[in-house]
Amino acid sequence: MKILDIKPVANVGGGTMKVVASFDLQLTPDIAVYGMRLLKAPNGQHVSYAPTALGGRRSVTFARPLAEAITAAALQTLEHDTAHGAHSES
């Protein structure tokens, strides 16, 4: 699993879950998911969501252990890129 690209978002949204970043995920050599979202819950925990399909339905879901691994990878990549200025705002 690899985070292909991650970008912090400027508009975090108005809901209780704040959008932190959007990212693309290479799940396996054969499967990539584009348009993933990294969100922060009011309790400080982060979660990842796959993009939604027409009608607002989730297009992909992940078992909890995989979802947690995806979120950890996204957070690690975001922190690394931010620390190295890859996505710094001017």
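The values are calculated or read from the model by the stated rules, or taken from the named source; none is laboratory data. Quick caveat: nothing in here was measured; it's all calculated off a predicted structure. Cβ atoms come from the backbone with ideal geometry, glycine included; neighbour counts cover every protein chain shown. These accessible areas exclude ligands, DNA and RNA; they are computed on the full protein's heavy atoms, side chains included. Shrake-Rupley method; radii C 1.70, N 1.55, O 1.52, S 1.80 Å.
Descriptive notes on the structure:
- Scanning segment 10-25 for residues that are of a type outside the set (A, V, I, L, M), open to solvent by less than 50 Å² (accessible area, probe 1.4 Å) and over 11 Å from Ala74 (Cα atoms) gives Gly13, Gly15.
- If you filter segment 33-66 down to residues that are open to solvent by less than 40 Å² (accessible area, probe 1.4 Å) and more than 15 Å from Thr77 (Cβ to Cβ), you find that the one that is farthest from the chain's Cα centre (by Cα) is Gly44.
- Residue within segment 39-51 that is closer than 14 Å to Ile3 by Cβ, modelled with pLDDT of 95 or more and not polar (S, T, N, Q) present: yes
- Inspection of segment 68-85 finds a residue satisfying the criterion of being under 13 Å from the mean Cα position of the chain (by Cα), acidic (Asp, Glu) and open to solvent by 40 Å² or more (accessible area, probe 1.4 Å).
- Qualifying residue in segment 73-88 (condition: within 23 Å of Thr28 (Cβ to Cβ), of a type in the set (Val, Ile, Thr), at pLDDT 90 or above and touching a Ser or Thr at 6+ places or on another chain (Cβ under 9 Å)): no
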